[in-house]
Amino acid sequence: MNTTEKYGFRKPEANDFVSVDDLNHNADTMEKALCELDAEVNRLNHAVVLSVSKTGWSGGSAPYTQTVTVKGVTAEDRPVIGLSVSSGSNADTIRAQSKAWGCVDRAVTGTDKITFYCYRKKPEVDFEVQAKGV
């Protein structure tokens, strides 16, 4: 009996007896693959809001760094990260937070963390970012 290359589905040939065990094996294999795919899609759609503190930057001169704990993120993850503006924020607050986020030049994932880098100057106000895909 032949099997598919990637998932190992059983493929009876014209002269093979089709067994319920083969059908159940294929259904179980599909179920497992779909569950894994579903979990990955859910992880990619998951978003967290992270607080970045104006006093949390390390280094006396550039580059400045700040590491934020993000449970479940890995070094291989490449989340989409952007400024998260709270509802009810006024224009001055949004402008200051946007300017602060503009100071961030790079974000690097690691095991359960994201490290932000500022190569020019560090932010002067607290702000929040949303990381999607963690």
Query raised in the report: What number of residues in the stretch 44-66 are modelled with pLDDT of 90 or more and either surrounded by fewer than 11 Cβ atoms within 10 Å (Cβ to Cβ) or in a strand (DSSP E or B) (or both)?
Result: 11
Report summary line: Reported set for the stretch 62-78 where residues are in contact with a Cys (Cβ under 8 Å, 6 or more places away or on another chain), more than 16 Å from Val129 (Cβ to Cβ) and either not aliphatic (A, V, I, L, M) or not assigned by TED's automatic domain parsing to the domain that holds Gly110 (or both) is Pro63
Query raised in the report: Which residue pairs have Cβ atoms closer than 9 Å, lie 6 or more positions apart in sequence or on different chains, and pair a first residue in the stretch 18-43 that is in contact (Cβ under 8 Å) with a residue 24 or more places away in the chain and in a helix (DSSP H, G or I) with a second residue that is among the hydroxyl-bearing types (Ser, Thr, Tyr) and surrounded by 11 or more Cβ atoms within 10 Å (Cβ to Cβ)?
Result: Ala33/Tyr7
**Report entry** Test for Gly88: is it exposed (fewer than 12 other Cβ atoms within 10 Å of the Cβ), free of Cβ contacts under 8 Å to residues at least 12 places away in the same chain, assigned to a loop (DSSP other than H, G, I, E, B) and not assigned by TED's automatic domain parsing to the domain that holds Tyr7
**Finding:** yes
Report summary line: Of the residues in the stretch 3-17, those that are under 35 Å from the mean Cα position of the chain (by Cα) and either among the hydroxyl-bearing types (Ser, Thr, Tyr) or more than 19 Å from Thr29 (Cα to Cα) (or both) come to Thr3, Thr4, Tyr7
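The values are calculated or read from the model by the stated rules, or taken from the named source; none is laboratory data. Computed from a prediction, not measured in an experiment: that's the story for all the values here. Counting neighbours? That spans all protein chains shown, and the Cβs are built from the backbone with ideal geometry, glycine included.
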